[in-house]
């Protein structure tokens, strides 16, 4: 009973779509897409040292959107592909 007085009330947090970038792939061209997406409030960005998708990383730029791999030829196309994946498979 006493402890309930001291508990902080948690604010409900809005679920965000998660976009993960490989650090190596950022240096290969996906950094421009990262810069665009990091400004958005509906996306949570995560950077990984390695996502263990080396064969995809060698072929071009990519991101992992809510667990699904999205590839593109350039940063602008990657942003569009991320948007399309979020529309088709939103987290919430």
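Name the helices (runs of 4 or more DSSP H) wholly within the chain that hold at least 2 residues that are modelled with pLDDT of 95 or more?
Numbers: elements: 2-6, 31-37, 54-59, 75-88.
In the chain, 31-37, 75-88 are the helices (runs of 4 or more DSSP H) which contain 2 or more residues that are modelled with pLDDT of 95 or more.
Which of the residues belonging to the stretch 37-75 are under 14 Å from the mean Cα position of the chain (by Cα), surrounded by 18 or more Cβ atoms within 10 Å (Cβ to Cβ) and closer than 11 Å to residue 24 by Cα?
Result: 51, 61, 62.
The values are calculated or read from the model by the stated rules, or taken from the named source; none is laboratory data. Keep in mind the model is a prediction, meaning the values are calculated, not measured. Cβ atoms come from the backbone with ideal geometry, glycine included; neighbour counts cover every protein chain shown.
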